[in-house]
Amino acid sequence: MKVYFVGFGPGNPELLTLKAYKLLKEADLVVYPGSIVPEKFFEEFKGEKVNSHGKTLEEIVDLIERYVKRGKRVVRVQSGDPSIFGAVWEQIRELRRRGIDCEVVPGVSSVFASAASLGIELTSPSTEGVAIVRPAGKTLEKDHLEELARLPLTLVILLGVDKIGEIAEKIARVRGWDEPCAVVFHASREDEIRIKGTLKDIAEKVREKGIRRTATIIVGKVVEGYDERSHLYS
């Protein structure tokens, strides 16, 4: 018995992996997060669709268990990639306790869809790497944005565009208000919105567009590109 956790990507069906698409075509039951990925994206798939929005962990696991134990193929859709703020382990942990095997199929994260939309790299020859984080809020008591801002990293903040002003202020205390910043709403979708600026003006630009959720924040010099040469082409 097995359930498939499938990364749906940032919301553009064309960014599904071939494996994810095949599993969705063959699924008897598709459990999807309707608050993030609308049902219209699943119209071509014939399996029964259940919106998990508003359901508890136990309700979702009970539903999956019933179908799997009846010999049905179940696909649990996760937005973006399941490995980034997907709460996927909580589901897998409980399903394994019930004797149900799980397979995770990766998807395109909004992190990478946003960078692709901007036409940038998240790293450069002089950038040590990337930190993908979320800000303090209802589900996180404290964040470490100021500490991370002191490191030569590109900062990618998810689940925080509604706090863009606070986020900009925290990072600006370390990097200054002129630090480049970009926000991408609904990356890769038809209604995608791209906003570029600095920590000084990004919050106002985001407010003018009325963006309050489902957006990626990218902070760092890479937002403007770079003039360095990589050793890759030496």
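The values are calculated or read from the model by the stated rules, or taken from the named source; none is laboratory data. What you are looking at is a predicted structure, and each value in this text was computed from that prediction instead of being measured. So basically every Cβ, Gly included, is an ideal-geometry build from the backbone, and we count neighbours across all protein chains shown. Just so you know, the surface numbers come from the protein's heavy atoms only, side chains and all, with ligands and any DNA or RNA stripped out. Shrake-Rupley method; radii C 1.70, N 1.55, O 1.52, S 1.80 Å.
Considering only residues that are open to solvent by 80 Å² or more (accessible area, probe 1.4 Å) and in a loop (DSSP other than H, G, I, E, B), look in segment 145-176 and name the one that is nearest to Val222 (Cα to Cα). Looking at the filtered set, the residue picked out is Leu151. Only residues that are part of a strand (DSSP E or B) and open to solvent by 100 Å² or more (accessible area, probe 1.4 Å) were counted across segment 177-213, and they come to 1.
Among all residues of segment 15-31, there is none that is open to solvent by 10 Å² or more (accessible area, probe 1.4 Å) and touching a Pro at 6+ places or on another chain (Cβ under 6 Å). The set of residues from segment 1-33 being more than 26 Å from Ala215 (Cβ to Cβ), part of a loop (DSSP other than H, G, I, E, B) and either of a type in the set (Gly, Ala, Ser) or at pLDDT 95 or above (or both) comprises Ala27, Asp28.
For Gly71, state whether it is at positive phi and not hydrophobic (A, V, I, L, M, F, W, C). Spelling it out, Gly71 is indeed at positive phi and not hydrophobic (A, V, I, L, M, F, W, C). Restricting attention to strands (runs of 3 or more DSSP E) lying wholly within segment 40-144, give those where 1 or more residues are open to solvent by 50 Å² or more (accessible area, probe 1.4 Å). Answer list for segment 40-144: 48-51, 101-105, 129-133. Taking first residues from segment 207-234 that are more than 17 Å from Ile157 (Cα to Cα) and partners that are assigned to a strand (DSSP E or B), the Cβ contacts under 7 Å between residues at least 6 apart in sequence or on separate chains come to Lys209/Ile193; Lys209/Ile195; Glu224/Pro180. Scanning segment 29-76 for residues that are within 25 Å of Gly99 (Cα to Cα) and small (Gly, Ala, Ser), we see that the one that is farthest from the chain's Cα centre (by Cα) is Gly71.
Inspect all residues belonging to segment 214-221 and state whether any of them is in a loop (DSSP other than H, G, I, E, B), buried (at least 19 other Cβ atoms within 10 Å of the Cβ) and either modelled with pLDDT under 95 or in contact with an Asp or Glu (Cβ under 8 Å, 6 or more places away or on another chain) (or both).
Yes: segment 214-221 contains one or more residues that are in a loop (DSSP other than H, G, I, E, B), buried (at least 19 other Cβ atoms within 10 Å of the Cβ) and either modelled with pLDDT under 95 or in contact with an Asp or Glu (Cβ under 8 Å, 6 or more places away or on another chain) (or both).
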